[in-house]
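What follows draws every value from the coordinates through simple rules; no lab data is involved. Given the structure is predicted, the values throughout are model-derived calculations rather than measurements. When we count neighbours, we look across all protein chains shown, and the Cβ atoms used for this are built from the backbone with ideal geometry, even at glycine.
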Amino acid sequence: MALDLAFRRKESKTEDFSAILGSLLSNGEASGEPLAPEIAAAFRKHSRGNYRRLFKLARGVARTSAIGNQGMSVTLIDRHVEMLIH
């Protein structure tokens with residue numbers, strides 16, 4: 001019997017990323033609204049697999065979105081990435 005661990009690892013990373021991003025943006029509350037795929041893709045692209053960078057990006061974008069009373073958008077994520085230290 002053989003297990004394809006490489007396939008499961010990739011699948012697990014996607015599930016883990018989605019769960020972590022969902023918990024960061026919901027502040028621990030179950031909102032019931034799924035995250036738009038383009039927004040999740042923007043977070044994935046700009047975090048580059050680094051969960052610390054994802055945390056800082058999600059925190060900043062959520063805060064900026066709340067302060068400006070605007071929804072979350074790919075443009076907002078792109079603008080906030082420029083403020084992060086590379």
- [ ] Among Arg79, Arg52, rank each residue by its count of other Cβ atoms within 10 Å, from fewest to most, as a rough exposure measure.
- [x] Arg52, Arg79
Open item on the list: Compute the helix-to-body angle for 51-67: its Cα long axis versus the longest principal axis of the chain, expressed 0 to 90° and rounded to tens.
Closed with: 30 degrees
- [ ] Return the calculated 222 nm mean residue ellipticity for the chain, to the nearest 500 deg cm²/dmol, obtained by summing -39500 (n - 2.57) across DSSP H runs with n ≥ 4 and dividing by the residue count.
- [x] -22000 deg cm²/dmol
Open item on the list: How big is the dipole moment of the chain about its Cα centre under a simple scheme where the beta carbon of each Lys and Arg is +1, that of each Asp and Glu is -1, and everything else is neutral? Debye, nearest 20, please.
Closed with: 420 debye
Open item on the list: Relative contact order of the chain, please, whole-number percent, based on alpha carbon pairs below 8 angstrom and at least 6 residues apart.
Closed with: 26 percent
TODO: Give, in nm to one decimal, the length gained when the segment between Met83 and Asn69 is fully stretched (0.36 nm per residue of separation minus the Cα-Cα distance).
DONE: 3.1 nm
Open item on the list: Within a 10 angstrom radius of the beta carbon, how do Glu82, Glu11 rank from fewest other beta carbons to most?
Closed with: Glu82, Glu11
TODO: On a 0 to 90° scale, report how tilted helix 37-47 is relative to the longest principal axis of the chain, with both axes built from alpha carbons and the result rounded to the nearest 10.
DONE: 90 degrees
Task: Quotient of Cα Rg and 2.2 N^0.38 Å for region 34-86, N being how many residues it contains - done: 1.03
